[in-house]
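**Q** For reference, the structure I am asking about is given below.
The values are calculated or read from the model by the stated rules, or taken from the named source; none is laboratory data. Bear in mind that the values here come from a model prediction, so they are computed numbers and not experimental data. In this analysis, Cβ positions are derived from the backbone assuming ideal geometry, glycine residues included, and neighbour counts consider all displayed protein chains.
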């Protein structure tokens, strides 16, 4: 029996946790062959060397695509995407996959979609149909229109993809694979490692054992000019609260240099005694860190997805997750120091945060592999009236 060759492109560290359990299920499936391409910032040390975690997890990498141009501004984003189209087109030409998977909505994921669809390779989009209100939403919907098969994470997303004109029989609600990881962590939530000893990082050796916060704040690509000011607002709020905090480095997006420079300058000027900074962390360890935290602060989608499943309190700042489906664990605020501090205190006082299952039941990886094994693969659409 000839196995279907499924090529999955991972372009950044969050994409790995979004697809990890599906990778394992594809790799283990009797009818499928995994072709893994790692590209973009997932290959870069300053963004956490996600490729190292991928290889440590036992995945064989079929190709590496270096495509990130310096600048961390809208022009660099556009040029990175263009370079990605060229290099990924070469990768697909060499690998000759039966289908290509593009993940979610990061700006460079459109390169995967263009390189595959222009070569008549069936394109599968993971996590289409969601909304966020920034450039990522445009990219997500563009990926949807280029894709031939849609594996979405919620019922609302499924309905939205169908409303966008996609045939209902091509849209499957599998849930989000990152919830599979969260399910395993919820069953064994003990924080069985010392984050600082294991991952190093920068900053004081904080006394985190009695409780801590986690911060993950990224620039908003449509508001990149204010990235430094925005992160400084959050830094001052966290500094005032004086609770031990683990702070994670931003993704590579327009404005990430402003976010990074704001963090570096704050460290030099204020020398915070209760904040420790990390570039990256293995997905399971990060979820263990989250489930044992007092609260997640920032604007990462992990607060909307995994934290809702785990019941972790979240303070979501700004517009980056605008209109995304969320549960009652999330409290939304603007970039105002006093508002952020008040929201954190409110979340800390909240008892028995209700868990929600908006983004799946923890079986997405297996569902995705089973669908990929048997669904008809096509590379064109016919519009009927």
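**Q** Please give the number of the condition residue 169 fails out of (1) more than 20 Å from residue 81 (Cβ to Cβ); (2) buried (at least 22 other Cβ atoms within 10 Å of the Cβ).
**A** The failed condition is (2).
**Q** For region 333-352, enumerate the residues that are under 23 Å from the mean Cα position of the chain (by Cα) and either at pLDDT below 95 or surrounded by fewer than 15 Cβ atoms within 10 Å (Cβ to Cβ) (or both).
**A** 334
**Q** What about residue 53, is it in contact with a strand residue (DSSP E or B) (Cβ under 8 Å, 6 or more places away or on another chain) and either over 19 Å from residue 147 (Cα atoms) or not in a loop (DSSP other than H, G, I, E, B) (or both)?
**A** On the way: in contact with a strand residue (DSSP E or B) (Cβ under 8 Å, 6 or more places away or on another chain): no; either over 19 Å from residue 147 (Cα atoms) or not in a loop (DSSP other than H, G, I, E, B) (or both): yes.
Against the criterion (in contact with a strand residue (DSSP E or B) (Cβ under 8 Å, 6 or more places away or on another chain) and either over 19 Å from residue 147 (Cα atoms) or not in a loop (DSSP other than H, G, I, E, B) (or both)), residue 53 does not qualify.
**Q** Any residue at all in region 9-16 that is surrounded by fewer than 19 Cβ atoms within 10 Å (Cβ to Cβ) and in the same structural domain as residue 115 (by TED's automatic domain parsing)? Can you show your working first?
**A** Restricting attention to region 9-16, the residues satisfying the condition of being surrounded by fewer than 19 Cβ atoms within 10 Å (Cβ to Cβ) are none.
Taking every residue of region 9-16 in turn, none turns out to be surrounded by fewer than 19 Cβ atoms within 10 Å (Cβ to Cβ) and in the same structural domain as residue 115 (by TED's automatic domain parsing).
**Q** I'm checking my understanding of the structure. Among residues of region 68-82 that are in a helix (DSSP H, G or I) and touching a helix residue (DSSP H, G or I) at 6+ places or on another chain (Cβ under 8 Å), which one is farthest from residue 19 (Cα to Cα)? Lay out the reasoning, then the answer.
**A** Let us first name the residues in region 68-82 that are in a helix (DSSP H, G or I), namely 74-82.
Still in the list and also touching a helix residue (DSSP H, G or I) at 6+ places or on another chain (Cβ under 8 Å): 74, 77, 80-82.
On the way: 74: 27, 77: 23, 80: 22, 81: 21, 82: 24 Å.
Only one residue fits best here, namely 74.
**Q** Give the residues of region 314-366 that are within 15 Å of residue 217 (Cβ to Cβ) and not assigned by TED's automatic domain parsing to the domain that holds residue 253, sorted by residue number.
**A** Once the filter is applied, which keeps residues that are within 15 Å of residue 217 (Cβ to Cβ) and not assigned by TED's automatic domain parsing to the domain that holds residue 253, region 314-366 yields nothing.
**Q** Anything in region 13-48 that is outside any helix (DSSP H, G or I) and at pLDDT below 90? List them, or say none. Give the derivation first.
**A** Narrowing region 13-48 to residues outside any helix (DSSP H, G or I): 29-39, 44, 48.
Hits for region 13-48 are 44, 48.
**Q** Since residue 170 meets every condition but one in (1) under 30 Å from residue 239 (Cα atoms); (2) more than 21 Å from the chain's Cα centre (by Cα), which condition does it not meet?
**A** (1)
**Q** How do the pairs read when you match residues in region 260-277 that are in contact (Cβ under 8 Å) with a residue 40 or more places away in the chain with residues anywhere that are surrounded by fewer than 12 Cβ atoms within 10 Å (Cβ to Cβ) and in a loop (DSSP other than H, G, I, E, B), using Cβ under 6 Å and keeping only pairs 6 or more apart or on different chains?
**A** Close Cβ pairs (under 6 Å, with a partner that is surrounded by fewer than 12 Cβ atoms within 10 Å (Cβ to Cβ) and in a loop (DSSP other than H, G, I, E, B)) amount to 274/242.
**Q** Of all the residues that make up region 98-133, how many are outside any helix (DSSP H, G or I), surrounded by fewer than 24 Cβ atoms within 10 Å (Cβ to Cβ) and modelled with pLDDT of 95 or more?
**A** 7
**Q** If you don't mind, there's one more thing I want to ask. Part of a loop (DSSP other than H, G, I, E, B) and crowded, with 24+ Cβ neighbours inside 10 Å - does that describe any residue in region 262-271?
**A** Going residue by residue through region 262-271, those that are part of a loop (DSSP other than H, G, I, E, B) are 271.
With the extra rule that they be crowded, with 24+ Cβ neighbours inside 10 Å, the set shrinks to none.
Looking for residues that are part of a loop (DSSP other than H, G, I, E, B) and crowded, with 24+ Cβ neighbours inside 10 Å, one finds none in region 262-271, hence no.
**Q** Has region 70-89 got any residue that is without any contact (Cβ under 8 Å) to a residue 24 or more places away in the chain and crowded, with 20+ Cβ neighbours inside 10 Å?
**A** Looking through region 70-89, none of the residues is without any contact (Cβ under 8 Å) to a residue 24 or more places away in the chain and crowded, with 20+ Cβ neighbours inside 10 Å.
**Q** Shifting gears a bit: For region 134-151, which residues satisfy the criterion of being outside any loop (DSSP other than H, G, I, E, B) and within 28 Å of residue 255 (Cβ to Cβ)? Reasoning before the result, please.
**A** Filtering region 134-151 down to residues outside any loop (DSSP other than H, G, I, E, B) leaves 135-146, 149-151.
Correct list: 135, 136, 137, 138, 139, 140, 141, 142, 143, 144, 145, 146.
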